[in-house]
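Colleague: Handing you this structure, nothing more for now.
The values are calculated or read from the model by the stated rules, or taken from the named source; none is laboratory data. Just so it is clear, the structure is predicted and the values come from calculations on it, not from any experiment. Because the Cβ atoms are built from the backbone with ideal geometry, glycine has one as well, and the counts that use them run over all protein chains shown. Only protein heavy atoms, including side chains, enter the accessible area calculation; ligands, DNA and RNA are left aside. Shrake-Rupley method; radii C 1.70, N 1.55, O 1.52, S 1.80 Å.
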Amino acid sequence: MAGSSFSEENKSVWGRLYTIRHDDETLNADTWFTVQPCRRFHYFGKQIIITQPSSTFWVYLLGVLTSVLGGYFVLQDHGQISRLMWGVSLLLWGIGALIAGTSYQAFGYQLKCANRKHVAWTSWWEVIYLIFQQVSISFMLIAVAHSCLGDKGQNLAVTAGVALSAMYFVVVAIGAFKPVKLLITFELMVHFCTPVILFFIGLNAWRYWQLSNDLDLALLGVWFGLIVTMWAFNKYQSLGLTEKLWNKGTWFSENDVLHVALIVWVVYIALIVQPLIRDTGTYS
């Protein structure tokens, strides 16, 4: 019965995504519980399996904190477009983290393994997360432009942000519906965002050289914080520390490194950057 359901699902345009098999060909409903920590809970006669409980905590904490900060920016925008755009960006980032954690961690077994002939590599939750994450960066581009550039630069930022997000949406749609694994990877999403981050560094470094103001110095901390975070994530992954620690009974993955570092990053934005954000021409 499960095999029949799987076959019917894959005939639909939405089901094609699940035909991408997991990288680990040995992974199945039995081995799922050996390669990562899982906990079983029973509610109302139904069993719920939580994958990577500690990792779920970190990513959900990141999602909640980022969403709360985004909401604060929106509610306390003081009529400033830059603050409003920061708020939208962080809300998208936070909600995206909650969506990602649901599939990558918490309910990964139910979404990608249970009742499937083969373990799926990804899910629609993860595809939506990728889109939210990239669009978040586009809103951040617009936010920074309204704090650091004149009218012409702001208009260009809006155009660039919309164009970049539209391009990425098309790429992801092709990757999900065709499907093409390469087009829906976390790494490709990072490649789409990286030029924007490099632009931020150049802009704020140049402005700080010229103006020596607190806002540009604080924003440089934001961008370098992201770079250090990604470096730590990639380094941890390349050293295979997740597997080495798990073999000793301890679970702390490269995703945990990413999420814990981003929690520190969000706190930095809340305490250091948030009080300084305002539109160009309104500095005291």
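Colleague: Say whether the condition of being within 16 Å of the chain's Cα centre (by Cα) and under 26 Å from residue 66 (Cβ atoms) is met by at least one residue in region 149-158.
Modeller: Within region 149-158, none of the residues are within 16 Å of the chain's Cα centre (by Cα) and under 26 Å from residue 66 (Cβ atoms).
Colleague: Has region 161-170 got at least one residue that is more than 30 Å from residue 40 (Cα to Cα), surrounded by fewer than 18 Cβ atoms within 10 Å (Cβ to Cβ) and not aliphatic (A, V, I, L, M)?
Modeller: Scanning region 161-170 turns up at least one residue that is more than 30 Å from residue 40 (Cα to Cα), surrounded by fewer than 18 Cβ atoms within 10 Å (Cβ to Cβ) and not aliphatic (A, V, I, L, M).
Colleague: Something else about it: Does any residue of region 223-230 turn out to be in a helix (DSSP H, G or I), touching a Lys or Arg at 6+ places or on another chain (Cβ under 6 Å) and either at pLDDT 95 or above or among the charged types (D, E, K, R) (or both)?
Modeller: So far as region 223-230 goes, no, none of its residues is in a helix (DSSP H, G or I), touching a Lys or Arg at 6+ places or on another chain (Cβ under 6 Å) and either at pLDDT 95 or above or among the charged types (D, E, K, R) (or both).
Colleague: If residue 122 passes every condition in (1) outside any helix (DSSP H, G or I); (2) open to solvent by 30 Å² or more (accessible area, probe 1.4 Å); (3) modelled with pLDDT of 95 or more but one, which one does it miss?
Modeller: Residue 122 satisfies every listed condition except (2).
Colleague: Considering only residues of region 9-47 that are surrounded by 10 or more Cβ atoms within 10 Å (Cβ to Cβ) and among the acidic types (Asp, Glu), which is modelled with the highest pLDDT?
Modeller: 24
Colleague: Going by what's in this entry, would residue 224 be described as out of contact with any Phe, Trp or Tyr (no Cβ under 8 Å at 6 or more places or on another chain) and open to solvent by 90 Å² or more (accessible area, probe 1.4 Å)?
Modeller: yes
Colleague: If a residue has to be crowded, with 16+ Cβ neighbours inside 10 Å and out of contact with any Leu (no Cβ under 8 Å at 6 or more places or on another chain) to count, how many in region 60-78 make the cut?
Modeller: 3
Colleague: Then there's this: Which condition breaks for residue 50 when tested against (1) open to solvent by 20 Å² or more (accessible area, probe 1.4 Å); (2) under 24 Å from residue 260 (Cα atoms); (3) assigned to a helix (DSSP H, G or I)?
Modeller: (3)
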